[in-house]
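The structure appears right after this line, and notes come after that.
Read-outs: derived from the displayed coordinates by stated rules, not from any lab. In this text, all values refer to a predicted model and were calculated from it rather than measured experimentally.
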C-alpha cells in the first residue's frame, strides 16, 4: 500500500489535486488513478475502498503515511544524486 499511496501522492502533486475522497465521482477516480491501479496490479474498487478505509481509520493511516513520506523523500534524494 505504501508504494501505491506514494504514486498517488506524486500524481496529485503533479496535477495539484486536492480531493475529498468521500465525494469523488467514479469518473474522476478512473481518470486520475487508473494508471496507479494498473501499475500496481490492484483492482480499482479495492484501491478506492482502501483509501476510504484509511480515511476513516486515522490511527492506521498515520503510520502508513509516515512511510509514504519517507519513501518520497528518499526518491527525491536519489533523483538529486542522478541529476547533472
**OP:** Would you mind calculating the gained length between residue 60 and residue 31 on full extension (0.36 nm times residue separation, minus the Cα-Cα distance), in nm to one decimal?
**Re:** 7.7 nm
**OP:** Provide, for q = 0.15, 0.21, 0.22, 0.28 Å⁻¹, the log10 of I(q)/I(0) from a solvent-free Debye sum over equal Cα point scatterers in the stretch 21-60.
**Re:** -0.35, -0.65, -0.70, -0.97
**OP:** State whether the stretch 29-84 is rounded, prolate or oblate according to the following rule on the C-alpha gyration tensor (a ≥ b ≥ c being the square roots of its eigenvalues): a/c under 1.5 gives rounded; otherwise a/b larger than b/c gives prolate, and the remaining case gives oblate.
**Re:** oblate
Subject >> Extension gain (nm, one decimal) between residue 52 and residue 77, 0.36 nm per residue minus Cα-Cα >> reply: 6.0 nm
